[in-house]
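Contents: one structure, followed by commentary.
The values are calculated or read from the model by the stated rules, or taken from the named source; none is laboratory data. This one's a predicted model, so the numbers in the text were calculated from it and none came from an experiment. Using ideal geometry, Cβ is built from the backbone for each residue, glycine included, and neighbour counts are taken over all protein chains shown. Each accessible area value is taken on the protein alone, full model and side chains, heavy atoms only, with ligands, DNA and RNA left out. Shrake-Rupley method; radii C 1.70, N 1.55, O 1.52, S 1.80 Å.
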Amino acid sequence: MPGTQLTKVGPLNLCRTSTSQYPTTQNTKELQPLMANPVCETTEKKKQQPQGPERPNSHQKFKAKLMQWVSYIAGDMAAFGEWMKGQFILLQILDWVLRGAAQVMFVNNPLSGLIIFAGLILQNRWWALNGFVGTLFATISALIIGQNRGAIANGLYGYNGILVGLLMAVFSNAGDWYWWLLLPNIFMSMACPIVSSALASINSRWDLPVFTLPFNILVCLHMVATGHYNHHFPQVLFQPRTSMHNLTWSELDYPKLFRSIPVGIGQVYGCDNAWTGGIFMIALFISSPITFAHATIGSAVGMVSGLALAAPFQNIYFGLWGYNCVLACIAIGGMFYALTWQTHLLALACAFFCAYLGSAIANVMSTFGLPACTWPFCLSALTFLLITMKIKNIYKLPLAKVTYHEKDLIYFWKMKKEKRIAKQRKEQEKDIASQQKKEKIIMAAMEMKGRQHLDACTVDVLQEESTQNRPDRKSEATELNLTQL
Amino acid sequence: MPGTQLTKVGPLNLCRTSTSQYPTTQNTKELQPLMANPVCETTEKKKQQPQGPERPNSHQKFKAKLMQWVSYIAGDMAAFGEWMKGQFILLQILDWVLRGAAQVMFVNNPLSGLIIFAGLILQNRWWALNGFVGTLFATISALIIGQNRGAIANGLYGYNGILVGLLMAVFSNAGDWYWWLLLPNIFMSMACPIVSSALASINSRWDLPVFTLPFNILVCLHMVATGHYNHHFPQVLFQPRTSMHNLTWSELDYPKLFRSIPVGIGQVYGCDNAWTGGIFMIALFISSPITFAHATIGSAVGMVSGLALAAPFQNIYFGLWGYNCVLACIAIGGMFYALTWQTHLLALACAFFCAYLGSAIANVMSTFGLPACTWPFCLSALTFLLITMKIKNIYKLPLAKVTYHEKDLIYFWKMKKEKRIAKQRKEQEKDIASQQKKEKIIMAAMEMKGRQHLDACTVDVLQEESTQNRPDRKSEATELNLTQL
Amino acid sequence: MPGTQLTKVGPLNLCRTSTSQYPTTQNTKELQPLMANPVCETTEKKKQQPQGPERPNSHQKFKAKLMQWVSYIAGDMAAFGEWMKGQFILLQILDWVLRGAAQVMFVNNPLSGLIIFAGLILQNRWWALNGFVGTLFATISALIIGQNRGAIANGLYGYNGILVGLLMAVFSNAGDWYWWLLLPNIFMSMACPIVSSALASINSRWDLPVFTLPFNILVCLHMVATGHYNHHFPQVLFQPRTSMHNLTWSELDYPKLFRSIPVGIGQVYGCDNAWTGGIFMIALFISSPITFAHATIGSAVGMVSGLALAAPFQNIYFGLWGYNCVLACIAIGGMFYALTWQTHLLALACAFFCAYLGSAIANVMSTFGLPACTWPFCLSALTFLLITMKIKNIYKLPLAKVTYHEKDLIYFWKMKKEKRIAKQRKEQEKDIASQQKKEKIIMAAMEMKGRQHLDACTVDVLQEESTQNRPDRKSEATELNLTQL
């Protein structure tokens, strides 16, 4: 069985030796806002599974091989990450930068990052360069100020960097290839881990991630510090609305409206090209189909909200109503809450709330000549993560356990199963205890009978009862099967 | 004694069985921002009091009956709340909605809520309808997302709803009976418990309530998201002041100035009708005269501050300087601090601070085309609740113990008495211990005397001292009386 | 030896009796945002040092006397503070007011405070009067609301008062000697301790000081509450930039640019006079040369940042780019972090970040007709204090241990030394343990040898190893010397 052998030797053995490098202790918790960690647990289980079907035929072999290859590129590419650890440092940093680029969408996958960079290059090469510089320097800065290595390796210090770099280029009024822009770009990117770390100190008290708050703070900082009327770094002019815009419903362009869904996803990175948005969707699908689905739903919700609140059609076509909802929907729908139909509804509610908030923040920010950035997403997602509910199927994952949608779901199911088993076992123990108690009574009764003080009838009733309460063999067998999984 | 019997059977026995439904454990603390809970403690004490006067005459009987009837409608109407628990769910929800309407003023009383709705209908029926819809949907939403049932039953999830509903109608520029407004109204009301719960997660770390922050956030959200120039939901135009207004002191209209006190109380619900304000004052007086007094004082302080800061007279007449001070004065003066003359002064200071802050926030918000809402009250009251002071008579009640002014005061007195008694007992024990010690010495001295080694004089001195230190019977009697209370 | 005798008797004996008056327990921690406390530790050590050189010549005598006199006026003048405790209350309050005036710059020294007041009088007597009134009433208010006496005595409730008083006078549009201004001045100064205490309740959760946040909040409150168009208290008009300003690099005036460094230091107190700034520098130097150095560096960094971001030259000359950086550089460079070259770099980074933030906040605030105040300093310093880093030489001092730069450094060195010694001792113990273990093995081997089962060779090898691991006498001697220090 070369296929299964490869699975064992390739990614898995590497993994076993390195679990300790991903810190999961309480002490380092502040440092890992979005840890994508213990790799071994699920993979070790996979190792055991092949032992079941002892002689697979060629079809099964092909399927196993395919699944194995999918596991190499899907999810968080943990095997690749492990393999990278032995490589040259520059290669490692490249891996971190690519993961950082994808982490904007909560995707911890270098291949997705690569595809996203391809989309950015398609959109605008100067922007892509700025994004790359931003991610690179944010990662380097995180290394310098001694942040958690595991978090850096998962790109958690890079995603703010790429957004800072990209959006500073997007909102610059000095035109493309204005090389001086790289100076504030590098300065702000290097400030990213500082602001991230500071915010994490606060947010970790409520077990909350920092999301893209550092990016929002730093880009707004740069834009408002320089402003539109600056000699060195002029910004695009944003102005508050001061009159009624035209709104003729007959002019609504349905193809453009439909196209606003991928454009909304593209606008997460400040891109208005529908093809770029489509490429980003592919990048999402590769890593996590659930993420992809929520991104699409979120963008659609944003579009609908825009229509409901009578927004100018141009803004809707341009994806400005979608990108915050995309992020909010991904974050609540399966990323930080385990995905159930209740959390799916919660994600929808959060997306609508986020769209409303988006419009509000855009209007407020325009007073200062600023865009809305992703403030609406951050604030709405934080609000929805702070709710304390007593609903059984809405389970907020501990921050240290958050990885990606599919794995989060597996973790939740496993946890639920363990709880159920623990409950069953407890009940059985209780049954057994009561059973023993009853048997004792019967024994005592028997003795009494020997002394001829009791009717035989009572003993029978007690015996019958005790038999009913005894756990039947079938449920015990089920339990054993469950624990073997 | 039918009267005292009724008191025992009517509200009290119901109460005993249901205390557990009001959660007071640490775990659920986050869920109960303003719990109006343990009803039994003080009422049980009342039960013991009638035992004293064993044969009341007809005058005493009448007085007892009157007091009993007052206890039915005053305070938090706990007996009625208990009785409601067995009723049909729609009736219960009506009770919660009415309590929610009154909770805006920190009053947990369905009768006050009913009177307040009457005042609202007098002002504007469309507003009243929106307020009712808001309270209703906020309460339903709280039930859906599984919030604490005790808090819902006390109207703690309704008061933000009524304000959201009312103020969205008040600030709408589309005119009355624009039925589409109910859509965002319902959406925002249903978002109330979400924002409340999220804020409570933060504020509970400092044992602070959320006040009307959810209302402030959501109404500002709606208004700034749509704005004045919106096709679907246009808002009233607020603009920053850009020139000097006329201010002729001789034009000051004293009757209007005096009328601004009830108008200020009415403006808590966005009502500018003095009669409506007067009706609200009655609603306050029924539940808690101390609340009524502080509301009046607060409104007067706001008016004086407006004059001191040279505000346009129209704003003062319109009650815009009063409503925040009303709320701040109620909150600090006896609600969250136990009422002493020191906290009364603190409440006055807070009202002045709140008026200042109100002017500041109104100017800031007008830049975004927004009204001040009750941000000034929230921020000033939170500030004054965060102070850490070493003053004996300023005692901040734990949030779980906050009910209404009179009961808070009783709680504080009880606590002080217990402390005093504990102190007295400790001192007595100390005295007794030293007494015993001295007696031992005397005994030893007596023995010594027997051995003829000591003067009789020394023994006398020691005996005299020990007699002085012995706690006299009178103080012991006092203590016994105290514990019986 | 009269000199050394005086050192012992003068400041030190006073100190020993009063340490308990500076509270350092956990309970009172919230009340002491910036405690300048235990005085005895280092001074007692000094007492031991003179025992070494038993017969000093006249030169040594002079040097000792000089050092003693320097110790009287430098640092936090702890001896003077102790002596003050026995004086008349008005004199004490004067001491506290002077310390409060200097605490703006993190200097706890009444002499510096006196010099600063001299500088203020040189600038504008009306401003100086307002500053004095502000400090006085802030201190009195802190006494009234029962704040920590040690913190008050260190001027920690005065520094916000002086800034409130000064800046309300500076930004008033009613001209100098408009006596009515003293009314809001007193009101806002008295609100200082309230806001300080409330903010400390929040910030103490992260062991952060409140900095000048109360001043920022209260001055902005007053200014925006009244505004430019007010009849009683009109404010200077601030307006957002709406067009490009001229920027001709050839017009850059180097002497003015150089002068902007002291002006930047003066602008901490709102003073644009270069001489006043120079006087403030003297006041800093007297208390702490490190503070002086960082203030100068900070002001220079601000100036450079202004040039980099193409600010109007007038603003740079006027010191508006400097004052926040001055404060940020002092706070990070040795005040709240122990001074090492790494924290020195961090202080530079913070100063640059602060300059950027300063420009941003000035633009945002101008929308509301407000100046930037010291918001940029507060926000950047808090951000840099919230970072969690795993770098050995960046050590954040616990808030209760923060005094002034030089003492902070001594505390850090002492702590490091203690750690090193503890480590050495541990290693030695480990060595001894392993040594004993080996000796046992050898003993066993000897016995074995006696039984003729082992080669003599193995024993020799083991003996050789154990000798190498034995701690040599030299290092032990070093250790003893260290502990004597």
Problem set entry | Cα centroid of the range A:382-446 to Cα centroid of the range C:341-363, whole Å | 51 Å
Exercise. Can you give the extra length, in nm with one decimal, that the chain gains between A:L252 and A:W206 once fully stretched, where that is 0.36 nm per residue apart less the Cα-Cα distance?
Worked result: 12.2 nm
Seminar exercise, completed: Heavy-atom accessible area per residue of the range A:108-153, all protein chains kept, 1.4 Å probe, expressed in Å², is 31 Å²
For this session: Take the alpha carbon atoms of the range A:255-319, find their center, do the same for the range B:164-204, and report the distance between the two centers in whole angstrom.
Result: 28 Å
Problem set entry | Accessible area per residue, Å², the range C:226-272 with all protein chains present, probe 1.4 Å | 54 Å²
Problem set entry | Rg over Rh [alpha-carbon atoms, Kirkwood Rh] for the range A:82-163 | 0.96
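Viscosity 1.002 mPa s, temperature 20 °C: Stokes-Einstein D of the range C:269-350 from its Kirkwood Cα radius, in µm² per second?
Translational D for this selection: 165 µm²/s.
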For this session: Apply the Debye scattering formula to the range C:93-223, with a single equal point scatterer on each alpha-carbon and no solvent, then give log10 I(q)/I(0) at q = 0.12, 0.15, 0.21, 0.23 Å⁻¹.
Result: -0.39, -0.61, -1.17, -1.37
Seminar exercise, completed: From most to least accessible, 1.4 Å probe, no ligand or DNA/RNA atoms counted, C:V219, C:V364 line up as C:V364, C:V219
For this session: Just the ratio, please: alpha-carbon radius of gyration of the range A:274-430 over 2.2 N^0.38 Å, N its number of residues.
Result: 1.21
For this session: With a 1.4 Å probe and all protein chains in place, put B:W127, C:W275 in order of accessible area, largest first.
Result: C:W275, B:W127
For this session: Output the peptides B:146-153, B:419-426, C:169-176 sorted from most to least packed, where packing is the average of other Cβ atoms within 10 Å over each peptide's residues.
Result: B:146-153, C:169-176, B:419-426
Exercise. Can you pull the semi-axes for the range A:290-337, root of five times each eigenvalue of the Cα gyration tensor, sorted largest first, whole Å?
Worked result: 22, 9, 7
Seminar exercise, completed: For C:Y337, other-chain or 5+-apart residues with amide H closer than 5 Å (H placed, Pro excluded) are C:L397
Problem set entry | For A:F352, solvent-accessible area (1.4 Å; no DNA, RNA or ligand), Å² | 80 Å²
For this session: Take every Cα-Cα pair in the range C:342-423 and report what % of them are more than 20 Å apart.
Result: 49 percent
Problem set entry | Isotropic mean projected area of the C-alpha convex hull, the range B:264-313 (nm²) | 3.5 nm²
For this session: Find the sum over both chains of the accessible area lost when B and C are paired, probe 1.4 Å, and report it in Å² to the nearest 100.
Result: 2800 Å²
